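Asks: Once you've had a glance at the structure underneath, I'll fire off some questions.
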Amino acid sequence: MKKRPIIGISCNYTKDTRQISLKDTYVHAIMNAGGLPLLLPLTADEQTADLLLDQLDGLLLSGGGDILPARYGEETLPVCGPICEERDVFELMITKKALERRMPIFGICRGIQVLAVAMGGSLFQDIESQLGLPKEKHKQEPPYDDPVHTVRFKEGGLFERITQTPLMPTNSMHHQAIKEAGSRLKIEGITMDGIIEAVSAVDNDAVIGVEFHPECLAHYSDFASRIFDYFISKAESYRKEQYHP
Ligand SMILES: [Mn+2]
């Protein structure tokens, strides 16, 4: 019996109404690529996080709000958006644990930022005010499957290999971005205005992140669906490595 790789997806948390939530575009992109999505609860308990990871073959860090700047060594500026402490704590903990296990990780939007902070990097708290970029360039209005900028992938790099293109038209729904990728992440793609939009781990090509939203493009963009196919193939390999008959 063939099992499908199980992909844990981190969710949003709204403390006021005690609601855990996730856009179903993530779920469908994982299922269409052959994975089995599992929505993750939030916990600050280390043992619970370990037990969750025991069930998974891959970790998808989804989009969402901002990370507390103190977690990357900065004071919070007025331009920083709302913070969810529970989500910061859970995602940074489970990401560090997944990295230790060498589990495949795919960070999207906030997820690439979580990946960067977990690996010692830092963020721009607001690219519009800190870099003087026009807001509409990276924070588009719906529909979100409409490309608004182009990401240029590193020549001969991992993302060029995955997507089979040097230039990928992408959507954009973020006001923060990676400032310093740190020594553990390779920069794999940037926009024409210099924003880091794709990374991979220096020591593990199963750990990737993007600032754009391929889950909203995957139904018609081969480039976007190839990224999900790649992630699921890495999760499949990881599952086989873990399985000891
Ligand atoms: Mn962008």
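Only the coordinates and a few stated rules stand behind these numbers; no lab work does. Computed from a predicted structure; not experimentally measured. Please note: Cβ atoms are built from the backbone with ideal geometry, for glycine as well, and neighbour counts cover all protein chains shown.
Asks: Among the residues that make up the stretch 147-169, is at least one of them among the polar types (S, T, N, Q) and within 12 Å of the ligand (Cβ to nearest atom)?
Replies: yes
Asks: Which of the residues belonging to the stretch 174-188 are touching a Lys or Arg at 6+ places or on another chain (Cβ under 6 Å) and within 11 Å of the ligand (Cβ to nearest atom)?
Replies: Hit for the stretch 174-188 is HIS175, nothing else.
Asks: Go through the stretch 114-138 and give me each residue that's assigned to a loop (DSSP other than H, G, I, E, B) and either within 12 Å of the ligand (Cβ to nearest atom) or not charged (D, E, K, R) (or both).
Replies: Scanning the stretch 114-138 gives MET119, GLY120, GLY121, GLN125, GLY132, LEU133, PRO134.
Asks: Exactly one condition in (1) within 16 Å of the ligand (Cβ to nearest atom); (2) of a type outside the set (A, V, I, L, M); (3) assigned to a helix (DSSP H, G or I); (4) free of Cβ contacts under 8 Å to residues at least 12 places away in the same chain is not met by GLU141; state its number.
Replies: Condition (3) is where GLU141 drops out.
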